[in-house]
Amino acid sequence: MSKTIQGIRGMNDALPIATKDAPLPSTAWLYFDGVVRDWLAAYGYNQIRTPIVESTALFVRGVGEHTDIVEKEMYAFEDSLNGEQLVLRPEGTAGCVRACIEHGLLYNQTQRLWYTGPMFRHERPQKGRYRQFHQVGVEAFGFETPDADAEMIVMLADLWQRLGLTDLALELNTLGDAAERAAHREALIAYLEQHADILDEDGKRRLYTNPLRVLDTKNPALQVMAEGAPKLADFLGEASRAHFDGVKAYLDSVGITYSINHRLVRGLDYYNRTVFEWTTTKLGAQATVAAGGRYDGLVEQLGGKPCPGVGFAIGIERLILLLEAEGVAMPADAPDAYLVHQGEAADRAAFALARQLRAAGLKVVLHAGGGSFKSQFKKADASGARFAVVIGDAEVEARTANLKRLVGEGGGEQITVPLAELAARIRA
Ligand code: HAM
């Protein structure tokens, strides 16, 4: 036997049932998908689907040349046929903006869009952090007032409620506008230069390229120094402050609590004004389940006419881990009936009957591969179906089937039903 080929590190399979190596079962994904569809529809968002492969330049320009994502985490490659520089998308916002510009969706109109799919970052894999992970993202274009920022946050609070999640806290910050950030940046660099001797390697590297990120350090020795650094809040002008107050007022008005975190700067460069993260205490270091903010300059930066944007993305793996950590019941999509049959005539009749029942809107698994009634019933039980429909040659003759309830009240009961009434009986 030849050696088996393994999946790629940090890229996971989702199986029908959770295993040690594949802990996030597809049933949980489907449950989450279903809730998310209804939730997005409730807010009037429309889906956009963009390719997984984009040009490298999109993220260098969009996410930022000096971000971790672009500097060290992108799956970048050259198209061997035409030499194009390509990447597997590390996030969804830049591609969404690119598509909107390319197809004229932002011209004199507003858009409320959502997307879902795999994203790729070459990070060190651990629980809640993968190299292929999945997001549901939402982007709204053409809205410059704080009600749009607040809607993003409220939407997520609503989703947590729909999913039955409680262990999520909101952190909020404002990054001001470009001029305010430039003034702050200058003061910050001056401050960091005074402390250059204690900066770690990451800090030194970022001092002039991305000094804000130096404040986001996980290094305890630097956190004290970061505490004393000039605060962006002190550089905000009237308009930025009013915008942030507006966002907070909307949140207060519907009773959403938050904490202001001045150190929240996010790992992508396109943000201005509002940024936020929803975090949990249940997932260890990978605590951020959803994150986003405003990005009023991105459309123009990617070659479009100026158009404000605001959005967020949910990390689906982390969300599912949290559903499990909080013990949320996720009903599986079980079949209505498992069709058990034996005998040549019954075999044919069951084959046709399964199609009829499905056409009548039922979810039906037709037993395949023969075997005794006993072994077929075992499979019926394992399938989670509510009923077993049993057909032997006698039933074919009588144009009936035996209907046996497998789960719930009255489990084990068996009745004989005319074929013409079968679908209605199962549904009832
Ligand atoms: P992000 O903070 O980079 O933002 O990612 C959003 C979420 O994706 C994170 O909060 C986390 O839940 C999940 N995530 C990120 N990296 C990984 C990973 N390696 N493994 C598992 N989950 C991960 C963005 O991507 C922005 N595009 C969000 C946005 C949309 N801002 C405005 N619009």
### Query
Would a scan of the range 89-98 turn up a residue that is among the hydroxyl-bearing types (Ser, Thr, Tyr) and more than 18 Å from TYR270 (Cα to Cα)?
no
### Inter-residue pairs, beta-carbon under 6 Å, first within 9 Å of the ligand (Cβ to nearest atom) and in the range 103-125, second polar (S, T, N, Q), 6+ apart
MET119/GLN135; PHE120/GLN132
## Note on the structure
Over the range 67-102, the set of residues near the ligand (Cβ under 10 Å from one of its atoms) and within 20 Å of the chain's Cα centre (by Cα) is ILE69, GLU73, ARG89, PRO90, GLU91, GLY92, THR93, ALA94, GLY95, CYS96, VAL97
### Task
Test each condition in (1) crowded, with 16+ Cβ neighbours inside 10 Å; (2) away from the ligand (no atom under 15 Å from the Cβ); (3) within 26 Å of ASP234 (Cα to Cα) for MET330 and report the one that comes out false.
(3)
### Task
Among the numbered conditions (1) part of a loop (DSSP other than H, G, I, E, B); (2) more than 9 Å from the ligand (Cβ to nearest atom); (3) hydrophobic (A, V, I, L, M, F, W, C), tell me where PHE276 comes up short.
(1)
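Can you tell me which residue among ALA346, ALA290 is touching a helix residue (DSSP H, G or I) at 6+ places or on another chain (Cβ under 8 Å) and away from the ligand (no atom under 16 Å from the Cβ)?
Sole residue among the options that is touching a helix residue (DSSP H, G or I) at 6+ places or on another chain (Cβ under 8 Å) and away from the ligand (no atom under 16 Å from the Cβ): ALA346.
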### Message
Among the listed residues GLU395, GLU324, identify the single one that is in a helix (DSSP H, G or I), within 30 Å of THR280 (Cβ to Cβ) and not aliphatic (A, V, I, L, M).
### Response
GLU324
### Summary
ALA22 vs (1) modelled with pLDDT under 95; (2) under 30 Å from VAL265 (Cβ atoms): all pass except (2)
### Query
Here is a list of conditions, (1) farther than 24 Å from VAL265 by Cβ; (2) of a type in the set (D, E, K, R); (3) not assigned by TED's automatic domain parsing to the domain that holds LEU264, and ASP197 meets all of them except one; can you say which number that is?
(1)
### Task
Please work out which one of (1) assigned to a loop (DSSP other than H, G, I, E, B); (2) surrounded by 13 or more Cβ atoms within 10 Å (Cβ to Cβ) is the condition TYR208 fails and give its number.
(2)
### Query
Here is a list of conditions, (1) more than 13 Å from the ligand (Cβ to nearest atom); (2) within 28 Å of LYS127 (Cα to Cα), and LEU24 meets all of them except one; can you say which number that is?
(1)
## Note on the structure
Within the range 335-360, of all residues that are under 29 Å from PHE32 (Cα atoms) and in contact (Cβ under 8 Å) with a residue 60 or more places away in the chain, the one surrounded by the fewest Cβ atoms within 10 Å (Cβ to Cβ) is ALA360
### Message
Would you confirm, using the coordinates I've provided, whether LEU58 is within 27 Å of LEU24 (Cα to Cα), assigned by TED's automatic domain parsing to the domain that holds ARG266, surrounded by fewer than 21 Cβ atoms within 10 Å (Cβ to Cβ) and within 13 Å of the ligand (Cβ to nearest atom)?
### Response
no
#### Entry: Set GLU238, GLU300, GLU326, GLU277: member being among the acidic types (Asp, Glu) and within 27 Å of VAL214 (Cβ to Cβ)
GLU277
#### Entry: Any pair with Cβ under 7 angstrom, 6 or more apart, that starts in the range 365-392 at a residue that is small (Gly, Ala, Ser) and ends at one that is in a helix (DSSP H, G or I)
ALA388/PHE377; ALA388/ALA380; GLY392/ALA346
### Message
Suppose we keep only residues that are outside any loop (DSSP other than H, G, I, E, B) and near the ligand (Cβ under 10 Å from one of its atoms) within the range 293-310. Which one would you say is farthest from SER240 (Cα to Cα)?
### Response
LEU298
### Message
The conditions are (1) surrounded by fewer than 23 Cβ atoms within 10 Å (Cβ to Cβ); (2) assigned to a loop (DSSP other than H, G, I, E, B); (3) within 15 Å of the ligand (Cβ to nearest atom), and ALA313 fails exactly one of them. Which is it?
### Response
(2)
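The values are calculated or read from the model by the stated rules, or taken from the named source; none is laboratory data. Values in this document were obtained by computation on a predicted structure and should not be read as measured data. Heads up, the Cβs are rebuilt from the backbone with ideal geometry, glycines too, and the neighbour counts pull from every protein chain shown.
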